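Input: a single structure, listed below in structure tokens.
Readers should treat all values here as calculations from the given coordinates under stated rules, not as data from a laboratory. None of these values were measured; they are calculated from a predicted model. FYI the Cβ positions are ideal-geometry reconstructions off the backbone, even for glycines, and counts take in every protein chain you see.
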Amino acid sequence: IVGGGPVRIKEGSWMVSIQRGSTHWCGGSLVREEWVLTDRQCFSSCVPDLSEYRVWLGISHLNESGENDFHRQERRISHVICGPEGSSLALLRLTQPALPRERVRIIQLPVADCRIQEDTICSVYGWGETKGTGHEGTLKRVHLPIVSNERCQQLHNRAIPINSSKLCAGGKRDEGVCEKDYGGPLVCQESNSKVIVGVSINGRGCARQNRPAIFMNVAFYTGWIHKVFKN
Amino acid sequence: KRHALQDYQKTDAVSLVAPPDASYMSKGRKMSVGKCARRCSRNRKLQFTCRAFSFNQKTAKCHLLSYDSLTVGVRIENDSNFDLYEKKDFMRECIIGNGLNYKGKRSVTKSGVQCQLWNSKTPHEHNFLPQRHKHRDLRENLCRNPDNTTTGPWCFTTDPKIRHQDCSIPQCSEVECMTCNGESYRGPMDHTESGRECQRWDLEEPHKHLFHPKRYPDKGLKDNYCRNPDGRQRPWCFTTDPSTPWEYCNIKQCDSDNSGDVDNTTTCFRGRGEGYRGTVGVTPEGVTCQRWDAQFPHRHSYAPQNYRCKDLRENYCRNPDGRQFPWCFTTDPNVPVAFCTNIPRCGVTPPEPEECYTGIGDTYNGKRAKTRSGIPCAPWKDHRESNERYVDLLMAEQAGNFCRNPDKDKHGPWCYTNSSSIPWDYCALKSCEPSHNNLPQKDESTRTSCFVHKQVR
């Protein structure tokens, strides 16, 4: 995360670090005890060699040790379910469900086809590239305003089609998601309720002013997600 | 114990016709082909040097010949009764190692100078006279290696300024290069990488085997040459060493490594599907294929880096070893390998036309019955329990196992599968509208909140 700051303990308890080999590779969100929502591009294909991936839950720092490491839950992935064509989403089924704890919680999915109002301040989370803005290896968060699809399309010089399957946030400053944050969530809050409205995806640039970050619109795919859970 | 036939190269169904004056053919005698070879090799009680023999398969009669197909004036004729066996030493124009046994026809040095006759002492005087070195075959002015020199066969030259020069006779391993894993290699290498002599493919000794030339007529299993009839990493052969069943041969790799004669296809396969480069990664039973670069659940030797031109990407069905169909290792620990007969054969079943659906595809009534990853759809009636309401609806229209959209899924038609890893998936169908994600968004006034607030006490 470029800009922003470290996340307080317990916040971001739905965040997972997808590890490839023994390094952090992508972000992801725990949406059910045995399901993680992430970017499909974190995997070489819909049938990757899963032996090289692990999912870490309940951590705030990637190199935690001692007491803090006590909260860490590690899971292997049993299946990658690729999202509908063009979604760039994937649901990861864990070999064993995560155990809900103080630092391991699921995040709510949005109501299907809902919309978040422009300029609503939401947050992105991740352990990725900071571009020198500090707190390397620690889970960071930065607040970003929602940008309408029309405005986002203009700011991207109409080079990328921003249809209803996507949504945009940020672009006010050089801050936002960057390398290895991809797959992580865009989270909005109303009262005490937090909802994952977007999933950051690879290949859309990294934290640039006047170039809002593009996310997959989770609400557009809520039906698919529930159907995967059900079946 | 070395079989006498090892020294011969065989040509099926031909005989040699030679001018009567300079040739000799023994009278036909009934014997086995092995004995015939031994007689020709021993050369005992013969008034001529035996260079070849002709064997009548029907009558089992053996004719020893003082000439071979390279002898001037000799013609080759098709004759289904006879097989011709010629001594390899006289036929081959390449060497193994330093070419000590080379008995070929080359008589020019590497810089193009004509060789001096071995029995002549001009322009260069020397001691390598034919009568002194009988076993070295110092005939005429042919390149030979009578002194076991490391640079191979040589000769004294007819140029007074150049006493001797080597003849630059190529190594048998470099006469013909191989592409891919050498399945199409038909070159003359007949020794393994450790220097062992190869066993003839048509012999059962010292090693019994199933790779008989008649059984695999298209694999080039000629004489005892290194070949790759079964998709190993490189050409190989059984060896004449009883304690070493087989070994790989070292053969030069071609600079360009494309397979050349393989016709690549993606939607269907031709022949045995060696050129299939599509993305089907499931078996006909719907079991997902194991990735080629993975060793679990099945250990194997088909590492993609060892079979670069076989395109062993992801978990796609391929035929790297010339089996009947494209195949894969499966992710089912109990089923190591499965043929991907779910891939259509080109020409037999025409590739499915590009089909598309309108809207969200809830009115799609077509016959597509495969998911986007190629898994066959399961009958809807088998899943009645999980979704009774709409499966009943489909049963009314006899949906069979065709892709449908009974729950009005906005991402298009889908179906159940019999695969445990992907119980259902979207079908291999495209939307007829180029940007089907541009579905009308709800108006501002009817905007739905993304939050569901739990009412707690």
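Here are the numbers for the structure shown:
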quantity: Cβ-Cβ FRET estimate between A:Gln209 and A:Gln41, R0 fixed at 30 Å, reported to 0.05; calculated: 0.75
quantity: Cα lying deepest toward the dipole's positive end in region B:260-317, options B:Gln290, B:Cys268, B:Ser301, charges on Cβ; calculated: B:Ser301
quantity: Listed residue (A:Gly171, A:Gly198, A:Val218) projecting farthest to the positive dipole end of region A:104-226, Cβ model; calculated: A:Gly171
quantity: Anisotropy class of region B:215-260 from Cα gyration tensor, a/c 1.5 cut; calculated: oblate
quantity: Interchain or long-range residues, amide H under 5 Å from B:Ser431's placed H; calculated: B:Tyr357
quantity: HN-Hα J in Hz across region B:153-168 - Karplus 6.51, -1.76, 1.60, θ = phi - 60°, x for Gly and Pro; calculated: x, 8, 7, 6, 9, 7, 8, x, 7, 10, 5, 8, 7, 7, 9, 6
quantity: Simple Cβ-charge dipole of region B:69-158, Lys/Arg +1 and Asp/Glu -1, about Cα centre, in debye nearest 20; calculated: 320 debye
quantity: Per-residue [θ]222 nm for chain A (sum of -39500 (n - 2.57) over DSSP H runs n ≥ 4, rounded to 500); calculated: -2500 deg cm²/dmol
quantity: Per-residue HN-Hα couplings for region A:9-18 [Karplus 6.51, -1.76, 1.60; θ = phi - 60°; Hz; x = Gly/Pro]; calculated: 3, 6, 6, x, 5, 8, 6, 10, 9, 8
quantity: Three-way shape call for region A:31-141 based on the alpha-carbon gyration tensor, with the a/c threshold at 1.5; calculated: rounded
quantity: Euclidean distance of C-alpha centroids, region A:170-196 and region B:222-243, integer Å; calculated: 61 Å
quantity: GluC sites (Glu not before Pro) restricted to DSSP loop in region B:73-133 with at most 11 other C-beta within 10 Å; calculated: B:Glu125
quantity: Gain in span if fully extended, B:Lys27 to B:Asn127, counting 0.36 nm per residue against the direct Cα distance; calculated: 32.0 nm
quantity: At R0 = 25 Å, FRET efficiency that the Cβ-Cβ distance of B:Ser420 and B:Leu210 yields, to 0.05; calculated: 0.10
quantity: Label-point gap, in nm, between B:Thr358 and B:Asp159 - each point 7 angstrom along Cα→Cβ; calculated: 8.4 nm
quantity: Neighbour-limited loop hits for trypsin sites (Lys or Arg not before Pro), region B:138-232 (at most 16 other Cβ within 10 Å; DSSP other than H, G, I, E, B); calculated: B:Arg139, B:Lys161, B:Arg163, B:Arg186, B:Lys208, B:Lys214, B:Arg215
quantity: Convex hull volume per residue for the protein assembly as shown, taking Cα atoms only, in Å³; calculated: 252 Å³
quantity: Overall form of chain B per C-alpha gyration tensor (a/c, 1.5; a/b vs b/c); calculated: prolate
quantity: Average silhouette area of region B:31-177, convex hull of alpha-carbon atoms, in square nanometres; calculated: 10.8 nm²
quantity: Span per principal axis, largest first, for the Cα atoms of region A:1-79 (Å); calculated: 36, 28, 24
